[in-house]
Amino acid sequence: MSEVSGFLERPDGQRLAWRRVAGFGPTVVWMGGFRSEMSGTKAQALADWAAAGGRAFLRFDYFGHGESSGAFVDGTISRWRDDALAMLDDLTTGDLVLVGSSMGGWIACLAAIARPERVRALVLIAPAADFTERLMSRDIPEDGRAALDADGVWMRPSQYGDPYPISRALLEDGARWSILDGAPVPISVPVRILQGGLDPDVPWHHALELAESLAGSDVVFSLIRDGDHRLSRPQDIERLLTTLEECLQPPA
């Protein structure tokens with residue numbers, strides 16, 4: 001099956017870019033990470049896999065990401081969660097398997113909580129649940145906090161390229177969607193977590209905390225000891241596809 005593309009018009013006039021492969025379900029939905037695009041290595045590998053096997057698949061860019069409209073600095077967890085739910089509601093039907101990477105792992109969890117009747121399983125790659133509070137806010141240097149207080153935006157240095165903006169609104173809004181608050185995370189479907197042991201962005205113990213907090217019992221946490229944050233090597237992609245295919249098997 002070939003992939004088609006389009007834009008989803010949002011009520012505020014913004015346009016969200018998407019690409020979709022028609023096929024049999026459940027529909028696999030890719031939810032990318034913070035500042036990632038749907039054209040990335042893992043998303044493309046899933047699109048190729050879906051097209052080759054006739055599987056239903058959807059990928060998209062959040063507001064302010066990739067081909068979608070909007071300024072990245074204006075994005076929040078609330079906005080990106082709403083983007084994901086709009087994609088699920090408007091562009092898919094039936095059962096879903098959500099595949100979320102980094103921030104996308106948090107968004108996938110929030111979507112599963114919001115649409116429990118539709119989500120059949122989660123495959124999470126270095127899930128960065130609560131990252132705005134637990135992984136980002138705690139590491140802001142004094143000059144960064146001063147910039148946030150004065151201007152509402154801090155240009156955060158990045159090992160992957162140019163500095164990028166972090167807004168006070170993003171940090172404050174993220175606290176609204178905390179799921180690692182000590183209570184069980186209300187997700188009972190099967191969850192598979194792939195985590196790199198050498199991940200500098202999402203420490204393995206942070207992802208393990210999510211695994212231990214999930215309400216369901218069918219949870220498998222796989223630590224790839226020599227893996228980084230992206231887990232985009234050929235062997236990582238193969239492991240991702242194998243894990244996904246296991247989640248797509250009919251219940252015993």
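Throughout, read-outs are computed from the coordinates displayed, never taken from laboratory work. This structure is a prediction, so every number in the text was calculated from the model and none was measured. Cβ coordinates were reconstructed from backbone atoms using ideal geometry, including for glycine residues, and neighbour counts include every protein chain displayed.
Key figures for this structure:
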quantity: Overall form of region 153-252 per C-alpha gyration tensor (a/c, 1.5; a/b vs b/c); calculated: oblate
quantity: Cα-centre dipole for the chain with unit charges at Cβ (Lys and Arg positive, Asp and Glu negative), debye to 20; calculated: 500 debye
quantity: Degrees between helix 142-151 axis and first principal axis of the chain (Cα, 0 to 90, nearest 10); calculated: 90 degrees
quantity: Largest-first ellipsoid semi-axes for the chain, taking √(5λ) over the Cα gyration tensor eigenvalues, angstrom; calculated: 27, 21, 17
quantity: Residue with peak Gaussian network fluctuation, the chain [Cα springs, cutoff 10 Å], from Phe131, Phe24, Phe72; calculated: Phe24
quantity: FRET E, pair Ser78, Ser217, Förster distance 35 Å, beta-carbon r, rounded to 0.05; calculated: 0.70
quantity: Sorted by Cβ neighbour density within 10 Å, fewest at the top, the residues Cys247, Cys109; calculated: Cys247, Cys109
quantity: Taking Thr27, Thr41, Thr242, Thr92 and counting other C-beta atoms within 10 Å, the order from fewest to most; calculated: Thr242, Thr41, Thr92, Thr27
quantity: Estimated FRET transfer efficiency when R0 is 25 angstrom, pair Ile113-Asp12 (beta carbons, to 0.05); calculated: 0.55
quantity: Mean projected area (nm²) of the alpha-carbon convex hull when region 1-126 is viewed from all directions; calculated: 6.7 nm²
quantity: Reference-scaled alpha-carbon Rg (2.2 N^0.38 Å with N residues) for region 113-173; calculated: 1.46
quantity: Region 71-141: relative contact order in percent, alpha carbon pairs under 8 Å with at least 6 residues between; calculated: 31 percent
quantity: Computed [θ] at 222 nm, deg cm²/dmol, the chain (DSSP H ≥ 4; -39,500 (n - 2.57); rounded to nearest 500); calculated: -10000 deg cm²/dmol
quantity: Cut-off 15 Å between beta-carbons: net charge of the residues surrounding Ala215, Lys and Arg +1, Asp and Glu -1; calculated: -4
quantity: Fewest-first sequence of Val219, Val119, Val28, Val73 by Cβ atoms within 10 Å of each Cβ; calculated: Val73, Val219, Val119, Val28
quantity: Shape of region 189-240, Cα gyration tensor, a/c cut at 1.5; calculated: oblate
quantity: Sites Val4 and Asp143 - FRET efficiency at Förster radius 51 Å, r taken between beta-carbons, to 0.05; calculated: 0.65
quantity: DSSP-defined beta bridges in region 1-131 - what % are antiparallel, rounded to 5; calculated: 40 percent
